[in-house]
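The values are calculated or read from the model by the stated rules, or taken from the named source; none is laboratory data. Quick caveat: nothing in here was measured; it's all calculated off a predicted structure. We place every Cβ from the backbone using ideal geometry, glycine too, and count neighbours over all the protein chains shown. For accessibility, only protein heavy atoms count, side chains too; no ligands or nucleic acids. Shrake-Rupley method; radii C 1.70, N 1.55, O 1.52, S 1.80 Å.
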Amino acid sequence: MSRIKDINLAPSGEMKIKWVERNMPVLRGIGEDFKKTKPFAGMKVALSVHLEAKTAYLCRVMEMGGAQMYVTGSNPLSTQDDVAAALVSGGMNVFAEYGCSMEQYEECLDEVLKIGPNIIIDDGGDLVHLMHTKYAELIPNVIGGCEETTTGINRLRIMSAAGELKFPMVMVNDADCKHMFDNRYGTGQSVWDGICRTTNLIVAGKYVVISGYGWCGKGVTLRAKGLGAKVIVTETDPVRALEAVMDGYEVMPMRDAAKIGDIFCTVTGGRDIITAEHFPLMKDGAILSNAGHFNVEVDMDALEKMAVNKYEARHNIQGYVMPDGRTLFTIAEGRLVNLAAADGHPAEIMDMSFAIQAMSAQFLAENRGKLKADVVAVPRDIDEAVASRKLKAMGVEIDSLSREQAEYLGK
């Protein structure tokens, strides 16, 4: 029971999965533990995460723990068809194809929910939203779920505040071993991987405009600076804006940055960051990209309407010719540039993020019926266990508190 592009692509996908397995020692160790303890025995797990090799290995680790996996992607342009084929070749239920229409994408979400999952692993909140609106009759089967992203957690908090959330959701993104490393170092590297490999242009000497100075924005700006860019930050939060100023970046409104920028990257988790107000102000040749979860940060509809011509300038780069003859370029249709135009975060970073996912799912299974229908913080001992495993894998030792030190600190 699967829906993929081509099963014959499996050998290529298997090679990718084996490579990341080698470079994900924390998750690999958790998988060995799961083989013995089987925390998900008899359970169905619905997963919607960007379907590439690291995600595939998470799926296999969950399967080692006894889970029956039902897998789809969380973005039509981030699915890697060979990886999907490799999972199906191994007997997993996968519903995902690169470049599918939004209608087909939603049909794939339907496939992993209508089986009545016990645990949901979500990336952006689409599965949880659909479960509450279209498959509400299956909610009694759900023990709980895990949410990977800032965007998804924002959606969950809105649902919780309105009294609409019907099962516990663990806020994986808010774990220290997720957002401090994944969002900052993972996004920082993978965004520029996507921009550089897609454009094949230099970054040094260019004005780069980063919208949003949260954990992801901090990572993207840091790497842009390291590549030699002149970095401008736009923000709506005064505290984050002040932090960006003190970190050495120029800070200004988008209406001013739009006139200066050569490369733009939105990283806010919001919407309508670059709009019809800004397109007429931009330089000929300006490049627009997005690293927020949904493709609503750059107003692509407005850009389409404004353009007198649209063409493919290079694979995954669309050129929009403005009425005055200027051309603006977008990468990957304004979708997640680090996944729709690259391979996502490095394996060593996702090792921690997906370890948090796996252990949070285990926490849900072990606490079935004990947690409120609300957003739930990742237990601190999970964060510390993942950090300790990662340090050990890196060959790093640290001090430990003596009894007297612990007492002095009230621990």
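Could you name every one of the helices (runs of 4 or more DSSP H) located completely within the stretch 1-107 that has at least 2 residues being of a type in the set (Lys, Arg) and surrounded by fewer than 20 Cβ atoms within 10 Å (Cβ to Cβ)? Walk me through it before giving the result.
Numbers: elements: 10-22, 25-37, 53-64, 81-89.
Answer list for the stretch 1-107: 10-22, 25-37.
Scanning the stretch 389-399 for residues that are without any contact (Cβ under 8 Å) to a residue 60 or more places away in the chain and open to solvent by less than 100 Å² (accessible area, probe 1.4 Å), which turns out nearest to GLU348 (Cα to Cα)? Full working, then the answer.
Residues of the stretch 389-399 without any contact (Cβ under 8 Å) to a residue 60 or more places away in the chain: 391-392, 394-399.
In the following step, the residues that additionally are open to solvent by less than 100 Å² (accessible area, probe 1.4 Å) were identified as 391, 395-396.
Numbers: LEU391: 12, GLY395: 14, VAL396: 15 Å.
Within the stretch 389-399, the match that is nearest to GLU348 (Cα to Cα) is LEU391.
For the stretch 110-117, state whether one or more residues are in contact (Cβ under 8 Å) with a residue 12 or more places away in the chain, under 14 Å from CYS59 (Cβ atoms) and in contact with a Ser or Thr (Cβ under 8 Å, 6 or more places away or on another chain). Before you say what the answer is, go through the steps one by one.
Going through the stretch 110-117, the residues in contact (Cβ under 8 Å) with a residue 12 or more places away in the chain turn out to be 110-117.
Remaining after also requiring under 14 Å from CYS59 (Cβ atoms): 112, 117.
With the extra rule that they be in contact with a Ser or Thr (Cβ under 8 Å, 6 or more places away or on another chain), the set shrinks to 112.
So far as the stretch 110-117 goes, yes, one or more of its residues are in contact (Cβ under 8 Å) with a residue 12 or more places away in the chain, under 14 Å from CYS59 (Cβ atoms) and in contact with a Ser or Thr (Cβ under 8 Å, 6 or more places away or on another chain).
As an exercise: evaluate LYS283 against (1) open to solvent by less than 40 Å² (accessible area, probe 1.4 Å); (2) out of contact with any Phe, Trp or Tyr (no Cβ under 6 Å at 6 or more places or on another chain); (3) at pLDDT 95 or above and give the number of the one condition it does not meet.
(1)
Can you tell me which residue within the stretch 157-200, out of those that are under 20 Å from ILE382 (Cβ atoms) and touching a Ser or Thr at 6+ places or on another chain (Cβ under 7 Å), is surrounded by the fewest Cβ atoms within 10 Å (Cβ to Cβ)?
The qualifying residue surrounded by the fewest Cβ atoms within 10 Å (Cβ to Cβ) is ASN173.
A quick yes/no check of all residues on (1) among the acidic types (Asp, Glu); (2) closer than 21 Å to ALA258 by Cα:
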residue	(1), (2)
ASP284	yes, yes
MET300	no, yes
ALA307	no, yes
ALA313	no, no
ASP324	yes, yes
THR330	no, yes
ARG335	no, yes
ALA340	no, no
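From ALA276, ALA291, which residue is touching a helix residue (DSSP H, G or I) at 6+ places or on another chain (Cβ under 7 Å), among the hydrophobic types (A, V, I, L, M, F, W, C) and within 19 Å of THR151 (Cβ to Cβ)?
Numbers: ALA276 fails: within 19 Å of THR151 (Cβ to Cβ).
Checking each option against the conditions leaves just ALA291.
Being of a type in the set (Val, Ile, Thr), surrounded by fewer than 20 Cβ atoms within 10 Å (Cβ to Cβ) and within 29 Å of GLU148 (Cβ to Cβ) is the filter here; which residues of the stretch 294-321 pass it? If you could, list the steps in order and put the result at the bottom.
Applying the first criterion (of a type in the set (Val, Ile, Thr)) to the stretch 294-321 yields 296, 298, 308, 317, 321.
Imposing the further condition that a residue be surrounded by fewer than 20 Cβ atoms within 10 Å (Cβ to Cβ) reduces the set to 296, 308, 317, 321.
Scanning the stretch 294-321 gives VAL296, ILE317.
Yes or no: the stretch 351-367 includes at least one residue that is outside any helix (DSSP H, G or I) and either at pLDDT 95 or above or over 29 Å from the mean Cα position of the chain (by Cα) (or both).
Of the stretch 351-367, the ones outside any helix (DSSP H, G or I) are 367.
Checking which are either at pLDDT 95 or above or over 29 Å from the mean Cα position of the chain (by Cα) (or both) leaves us with 367.
Checked against the condition, which is being outside any helix (DSSP H, G or I) and either at pLDDT 95 or above or over 29 Å from the mean Cα position of the chain (by Cα) (or both), the stretch 351-367 yields at least one hit.
Taking the condition of being within 20 Å of LEU201 (Cα to Cα) and open to solvent by less than 80 Å² (accessible area, probe 1.4 Å), how many residues in the stretch 224-260 meet it?
9
Could you say which residue among VAL220, VAL239, VAL231 is over 26 Å from PRO280 (Cβ atoms) and β-branched (Val, Ile, Thr)? Can you show your working first?
Numbers: VAL220 fails: over 26 Å from PRO280 (Cβ atoms); VAL231 fails: over 26 Å from PRO280 (Cβ atoms).
None of the other options fit; the residue is VAL239.
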